[in-house]
Amino acid sequence: MPIPTLRSALFVPGSRPERFAKALAAGADAVIVDFEDAVEEVLKRQAREHLAQFLQQTDTARVWVRVNAPGHAEHASDLAFCASHPGVVGVVLPKAETCAQLTTASQAGKPLWPIIESARGVLALESIANGPGVERLCFGSLDLALDLGLNNGTPSAEAFLDQSRMSVQIHSRAANLLPPLDGVFAVLDDAPGLQRAIEHARNLGYGGALCIHPRQVAVIHAALAPSAGDLEWARAVLAASTAAGGAGAFRFDGQMVDAPVLQRARRLLDAPQG
């Protein structure tokens, strides 16, 4: 059975149970209930209780959970929670830095999305990408910039981060993982900036992005959708292929068309349209 396209993964704080249903109704391809950064230390255990109650009352709900990082006092309890609830369909593992951490997290029996957000994580990409249970990688740009001491938002910092984005994509592809997700865009009232960021990630081979507000979802989906011009080109290329009798290579509109070009055209037509 084909795996559904995943373009957006919306975070919702585990300490805000009144937002769970709203997040699931926001149109995101996945919802991540956050037990980590969005939850104050004193509310960590309560966050698990909130989600347990919600899943019991809403048996059709399916969510991912960002557990607390390896080494945190609640990490093991978070993983045990994920293992025991069918409504939790996967684990988002922050601060992923070693294959041993993935081995521990995989014992929850759920697919894993490690977040690469430290220098150690970048250097361990090969072992992380090939670790047990890993379905796709996520890129934690904000935390990585902090770890590296970058002046976030500057051209120099973005150039540095893009090197790591490329490494995440290369290792994802080499390990035959699903396309990675880019990090969150932290400015909530800058839709054009979000669109540019998502288009940039798309051009680097990313399948989508993590997000922190429901109104970001539609912008992400629109930015990832093929343009009308791209769709027109794809249809024309495939029509020309049919007219050429399925030839392995042929000339179309001044360029040579062969198998990779035809594959790109099919991907464009198969992609979600916003």
Roughly what would the spin-label model give for Asn176 and Ala52, points 7 Å off Cα along C-beta, in nm? 3.9
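Semi-axes of the equivalent ellipsoid for the stretch 36-99, please: Cα gyration tensor eigenvalues, times 5, square-rooted, ordered largest first, whole Å. All intermediate terms of the calculation are to be shown ahead of the outcome.
Details: eigenvalues 81, 40, 16 Å².
Ellipsoid semi-axes (Å, largest first): 20, 14, 9.
Which value results when the Cα radius of gyration for the chain is divided by 2.2 N^0.38 Å?
Details: Rg = 20.1 Å, N = 274, 2.2 N^0.38 = 18.6 Å.
Relative to the 2.2 N^0.38 Å estimate, the chain comes out at 1.08.
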Here the equivalent ellipsoid of the stretch 1-134, derived from its Cα gyration tensor, has semi-axes (largest first, whole Å) of 23, 17, 14
Amide H to amide H under 5 Å from Ala209: which residues, 5+ apart in sequence or cross-chain, H placed 1.01 Å off N in plane? Ser8, Ala9, Asp182
Between Glu41 and Asp147, what's the calculated FRET efficiency when r is the beta-carbon distance and R0 is 25 Å? Round to 0.05. 0.75
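Quote the Stokes-Einstein diffusion coefficient, in whole µm² s⁻¹, for the stretch 228-270, based on the Kirkwood radius over alpha carbon pairs, a temperature of 4 °C and a viscosity of 1.567 mPa s.
Numbers: Rh = 10.2 Å.
Rounded, D is 127 µm²/s.
Show me 113-120, 262-269 ranked by packing, highest mean number of other Cβ atoms within 10 Å first.
Working: 113-120: 22.8, 262-269: 15.4.
Final packing ranking: 113-120, 262-269.
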Angle in degrees between helix 228-243 and the longest Cα principal axis of the chain, rounded to the nearest 10: 50
If you place +1 on the Cβ of every Lys and Arg, -1 on the Cβ of every Asp and Glu, and leave all else neutral, what size is the dipole of the chain about its Cα centre, to the nearest 20 Debye? 620
Could you pull out which residues in the stretch 230-246 have an amide N less than 12 Å from a spot 7 Å beyond the Cα of Gln273, following the Cα-Cβ vector? 231-232
Ranked from fewest to most other Cβ atoms within 10 Å of their own Cβ, Val134, Val89, Val42 fall in the order Val42, Val89, Val134
Per residue of the stretch 252-268, in order, report the coupling 6.51 cos²θ - 1.76 cosθ + 1.60 (Karplus, θ = phi - 60°) as ³J(HN,Hα) in whole Hz, putting x for Gly and Pro. 9, 6, x, 9, 7, 10, 9, 4, x, 5, 5, 5, 4, 4, 5, 4, 4
Which residues' amide hydrogens lie under 5 Å from the amide hydrogen of Gly90, considering only partners 5 or more residues apart or on another chain, with H built in the peptide plane? Val65
Kindly identify the stretch 82-149 as rounded, prolate or oblate by the Cα gyration tensor criterion: order the square roots of the eigenvalues as a ≥ b ≥ c, call it rounded if a/c is under 1.5, otherwise compare a/b with b/c, prolate if a/b is larger, else oblate. prolate
Out of Pro214, Pro192, Pro13, a Gaussian network model of the chain with alpha-carbon springs under 10 Å gives the largest mean-square fluctuation to Pro192
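With r defined as the distance between the Cβ atoms of Thr98 and Thr154 and R0 fixed at 35 Å, what FRET efficiency is calculated, to the nearest 0.05?
Numbers: r = 30 Å, r/R0 = 0.87.
The calculated FRET efficiency here is 0.70.
All of the numbers you see were taken from the coordinates with simple rules; none came from a lab. Since the structure is predicted, the reported quantities are computational estimates derived from the model, not experimental observations. With ideal geometry, Cβ positions are generated from the backbone for all residues, glycine too; neighbour counts draw on all protein chains shown.
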